[in-house]
1. Based on this model, can you work out whether residue B:467 counts as closer than 24 Å to residue B:380 by Cβ and surrounded by fewer than 15 Cβ atoms within 10 Å (Cβ to Cβ)?
2. Exactly one condition in (1) at pLDDT 90 or above; (2) within 14 Å of another protein chain (Cβ to nearest Cβ) is false for residue A:105; which is it?
3. Confirm whether residue B:377 is within 11 Å of chain A (Cβ to nearest Cβ), surrounded by 18 or more Cβ atoms within 10 Å (Cβ to Cβ) and either touching a strand residue (DSSP E or B) at 6+ places or on another chain (Cβ under 6 Å) or modelled with pLDDT of 85 or more (or both).
4. Quick one: which residue in B:302, B:326 is crowded, with 24+ Cβ neighbours inside 10 Å and in contact (Cβ under 8 Å) with a residue 60 or more places away in the chain?
5. Please state which of the following conditions residue A:112 fails to meet, knowing it meets all the rest: (1) under 20 Å from residue A:67 (Cβ atoms); (2) in contact with a strand residue (DSSP E or B) (Cβ under 9 Å, 6 or more places away or on another chain).
6. Could you check residue A:84 against (1) touching a helix residue (DSSP H, G or I) at 6+ places or on another chain (Cβ under 7 Å); (2) part of a helix (DSSP H, G or I) and say which number it fails?
7. Kindly provide the set of residues from the range B:121-177 that are without any contact (Cβ under 8 Å) to a residue 60 or more places away in the chain, outside any strand (DSSP E or B) and closer than 23 Å to residue B:204 by Cα, ordered by number.
8. How many of the residues making up the range B:389-399 are more than 7 Å from every other protein chain (Cβ to nearest Cβ) and either surrounded by fewer than 22 Cβ atoms within 10 Å (Cβ to Cβ) or free of Cβ contacts under 8 Å to residues at least 12 places away in the same chain (or both)?
C-alpha cells in the first residue's frame, strides 16, 4: 500500500476515534442534564423515611398467603419485622412482607404483579386505610377465591399481628371501589377472618375476645 | 372498391358520432345532476329550544347546506336587543349599549365594533328573515354582553349562560319476560307516564327543563319496544316510547331520591310484578295446577357473572363471562321446563353490569331465589376451585350499629342479605349435596365471603363458583355440552329440592 494512503487511513481512524469520544461525552452530558431536570421538576418528592430505627427490637409476624391444596384458603409463614414506635410503620413493614411474597413453595403470592402501597393511614377507631395502586385490580387474574385470598392476606396479616388495628379499609387508586375484581365488597371496612385459614387465633386475642372489646388493646 | 371503402368509412364515422353523442348526453346529465344537487340543499328541521336561566325560546331551525340555521330576529327580539334591518344594503345592525354588530347577507364576515369576525358559514337573508348559523350565537351575539351558549353538535338544543342542565342517561335492556328502561338523571326529577294505547305509544314527561340527554335515541328494539327517543322540541323534555302490541302494562318505579327510574314493559300474561313501588297491590299469584305440588320458588333470577369489558377470569380457551352466560341460558331453560317457574337472567347478552343492578333485578321482580354463576380461577392449577358461596354472617353489622346519628340516616342497602341469610345457608347445603352426587371430586365446599352481588339481595341467594379456569383440562371439561347439561340438571335438581323444602309464600 502506498505510503500516503496509509497516512490518510491513520488520520481518518484518529479522527473517527476522537469524534466518537466527543459523541459519547455529549450523550453522557445530555443524560445527566435530563436527570437533573427531572429531579428539579419534582422538588417535593418526600425523602424516604426508614420504617424502623436500628434500636427497634425484631418481632416475628405471621404473614398470610394462599396455600396449595388443603381446605384452608390461606396459611401463614413467619416473617421478621421491627417493632417501630409508630403503628403505621409497623403496618407498612407487614405490607412489605406481603408484597415480597412467600418463601415457601407451597404458598403463592397474594398481591398481583407491580402492586404498590401508595398510602396508608390510621383512624383513631383502629381502622387502617390502605391505598393500593390500580395495578392490584388491573393485574388481578380474577376468580373469587383468588380475590378473597388477595384481600384477606392483607386484612389478616395486619389485624393478626397488630391488635390495635381492628378493621382494614382498602382503597384502590386513591378512591373507594366497590370491588377489587368484581366479587368482594370493599365499601365496608373488613375485619380479621381466620375461618378461611389454618391459623388459630392468638392467645391474647382469644382472651381479649372473652374479656370484651376493652381488653383487646395491647 | 373505393365506393365500398367510403361506405365503410361513413358507417364507422356514424358509429363514432353516435358514441360521442352518447358520451356528451351522459356528461350533460351528470352536469345537470350536479347543478341540481350541488345547489343549496334545504331541509326544514324540527323545533330547536334555547334554554335561558328562567325562560326558554323555541325556534324553528332550518338546515341549509348541512348547517343548522336559526331565525336571528326572533332571538334578538327575545333578548330585547334593538336592531336595524337595512333592506337595500342587505345588512342587519344589532346594538347593545355602545357596541354594534353588523351582519351582511351571504357573508360569513361580521363586524363587531369595526372589528372583523369570521364565521364558518355565511349569514343568510331569505324572505324577510335573517338566518344565522349556530356558531353566530357565541362568536357574534355573545360579544354584545349576552350569555355564552353551550351547544353540542348533533342534539337540537342550546343552553344559555349558567343554566343548569342535569345529564340524562337512558338505557334499555331485555330481562326475560320484561323490558326495562333505566333512566338516570343528575338531579331529582318526576316522570309522568302518559299512554296512548290506540297508537301504541307511551310518553314519559319530565317535570324539569332543561335536561341534557347523553343520547337522543337508544338503539334498542325487541318484542316490546320499537324505538325509545328523547324529545324536547316544544321545550318540555320527554321520553317517547314506540311500543308493540304485546305490551299490556307499564310499571314505573323510582329510586335514589328520584334520580333513578325503572320503566318496566310487561306482557299481559306475565304474573310477575316488576315494580317495587309500595303503593302497588300485591302481585296476583299464578294459577297453580292442582296436580302439581305447590311451587314455593316461583321467580328465580340467575345472574351470569361479569360481562362486557369485565371478562372475569380467563382460561386458555374460554373467559368467565362467556361460560357463565352459556350456563345461565341452559339453566333458565331447564328450570322453566321442570319447575314452570319464571326464570329471569340479570343479563342476556355480553354487557357489563354493576353488582347492585344485578341484585336489583332479583329484588324488583320479587324473586324467591337468586343464583349468581361464576367460574373459578385458583392460583394453584391443581386446585378444584369450585365452591358455593353465601354472604358472610354479620357482615357490615358493626359498621352500621355505630351509634352516631349520621349512620342512622342512610339505609345500609348492603344488609339486604340478612333477611334470608338462614334460607341461603339451607339452599347452599342442598346445592352442595346435589352437586357432590353428580360432580364428585369437584369439592364444592360451602364458604362465606363479603360478596358484593349477594349483599343487597333480599331473598335466599347463593353464588356458584364452578371449576378452575387455571387448569386447562378443567376448562375444557366446562365447555363440553354433555358436562354443562349434567351440571345445570343438577343445579335444577337442587333448586327443586329447595323449593319443596321452603315454607309456602304468604301471597
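1. Considered against the rule, which asks whether it is closer than 24 Å to residue B:380 by Cβ and surrounded by fewer than 15 Cβ atoms within 10 Å (Cβ to Cβ), residue B:467 comes out as no.
2. (1)
3. Answer is yes for this residue.
4. Among B:302, B:326, only B:302 is crowded, with 24+ Cβ neighbours inside 10 Å and in contact (Cβ under 8 Å) with a residue 60 or more places away in the chain.
5. It fails just one condition, (2).
6. (2)
7. B:164, B:166
8. The total comes to 4.
The values are calculated or read from the model by the stated rules, or taken from the named source; none is laboratory data. No experiment lies behind these values; they were computed from the predicted model shown. Don't worry about glycine lacking a Cβ; one is built from the backbone with ideal geometry, like all the others, and counts go over all protein chains shown.
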